[in-house]
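The values are calculated or read from the model by the stated rules, or taken from the named source; none is laboratory data. Everything numeric in this text was worked out from a predicted model, so none of it was measured. Because the Cβ atoms are built from the backbone with ideal geometry, glycine has one as well, and the counts that use them run over all protein chains shown.
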Amino acid sequence: MGQERLKGHLDGLLLAVLESGPLHGYAVIEALQARSGGELRLPTGTVYPALRRLEEAGLTVGDWSTVGGRRRRTYALTAAGRRELQGERAEWLRFSGTIGSVLGGLRAPVPVDDESASA
């Protein structure tokens, strides 16, 4: 799936992945790929800056740790991040329903007045 299509949705996707618990940056990338059935293969150059931006906005909190001799930053949702995720989900449901109505070929029923129905 092209990165252009993700514009405006990346933050919500990252928050959703972190909802289940803290993850280090590369684990976030792997979780996005796994949860999307392999469709979302985002490069580190897209994900890491977004994670930093979410932290600066107070939606996540990061913590450095050393595992196997390697330093890595682990991110977790804050209370503000959970609220933002709820808003992102509500907006996505509204947006995807609207787009689905148009692209899915569903049309609103055409009202029929009594005179044309009997003609």
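So, Arg53, is that one at pLDDT 95 or above and part of a helix (DSSP H, G or I) or not? Yes, satisfied. Step by step: first the residues of segment 1-50, then only those that are under 12 Å from the mean Cα position of the chain (by Cα), not in a helix (DSSP H, G or I) and not acidic (Asp, Glu), then the one that is modelled with the lowest pLDDT. Which residue is that? So the residue we want is Lys7. Annotation: Arg89 fulfils all but one of (1) assigned to a helix (DSSP H, G or I); (2) in contact with a His (Cβ under 7 Å, 6 or more places away or on another chain); (3) among the basic types (Lys, Arg); the unmet one is (2). Pairs linking a residue in segment 78-103 that is under 17 Å from Ala16 (Cα atoms) to a residue that is assigned to a helix (DSSP H, G or I) and modelled with pLDDT of 90 or more, with Cβ atoms under 6 Å and 6 or more positions apart or on different chains, are Gly81/Leu15; Leu85/Leu15; Glu88/Gly12.
Screening segment 23-40 for residues that are in contact (Cβ under 8 Å) with a residue 24 or more places away in the chain and surrounded by fewer than 16 Cβ atoms within 10 Å (Cβ to Cβ) and picking the one that is farthest from Ala79 (Cα to Cα) gives Glu39. Answer yes if at least one residue in segment 61-75 is out of contact with any Asp or Glu (no Cβ under 8 Å at 6 or more places or on another chain), β-branched (Val, Ile, Thr) and assigned to a helix (DSSP H, G or I), and no otherwise. Within segment 61-75, not a single residue is out of contact with any Asp or Glu (no Cβ under 8 Å at 6 or more places or on another chain), β-branched (Val, Ile, Thr) and assigned to a helix (DSSP H, G or I). Among the residues of segment 85-102, not a single one is under 20 Å from Asp11 (Cβ atoms), modelled with pLDDT of 95 or more and touching a Ser or Thr at 6+ places or on another chain (Cβ under 7 Å).
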